[in-house]
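Worksheet: one structure, shown below.
We did not get these values from a lab; they are worked out from the coordinates using the rules stated. For clarity, every value in this text was computed on a predicted model and none was experimentally measured. Glycine also receives a Cβ, built like all others from the backbone with ideal geometry; neighbour counts cover every protein chain displayed.
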Amino acid sequence: MKQKSFAVSDSLNGTELKAVRKKLKLTQAEHEALKIPAQTYPMRLSYMYYNNLCTTIDVNERERTVKICNYTNDYTFRAFGRNEKPSFEQYEAFLESRCFPRMRDKI
C-alpha cells in the first residue's frame, strides 16, 4: 500500500531547520534557547514585537481553551501582560482589541 503524503509534514528535517534559522537570523544556540513547545492545540498564533517572538498562543476554539508561552520577562511586550493563564474570553478580547470594531460599517 502506498504511503500517503501531505502538503505539510509533521516534522522538519535538518536542512529545513537550518533554512528556518537562516531566515530568522538565529544561531543554533539562540534557537535552542527559545524552547518553543510543540503545538498542543489546532491553531497557533505568534505575538511579535518587530522581529522578536514575545508569546505563542495555542487555541482550541471547539473546546474554548487557550495555552500560552511567553519568551520575554518584560510584561509590556507579552500578549496578556502578567496573566500567565488567560481564559478564552480574555483571548477573544485580546483579538478584538487588535481588529476593526464589530459595528464598523462596510467591513
Provide the FRET efficiency to the nearest 0.05 for the Asp74-Thr15 pair, computing r from the beta carbons and using R0 = 30 Å. 0.30
With label points built 7 Å along Cα→Cβ from the Cα atoms of Tyr49 and Glu92, find their separation and express it in nm. 2.9 nm
Counting other Cβ atoms within 10 Å, keep those with at most 14, restrict to DSSP loop, and tell me which trypsin sites (Lys or Arg not before Pro) in segment 69-107 are left. Arg82, Arg98, Arg102, Arg104, Lys106
Using the Cβ atoms and a cut-off under 14 Å, what net charge is assigned to the surroundings of Glu96, where Lys and Arg are +1 and Asp and Glu are -1? +1
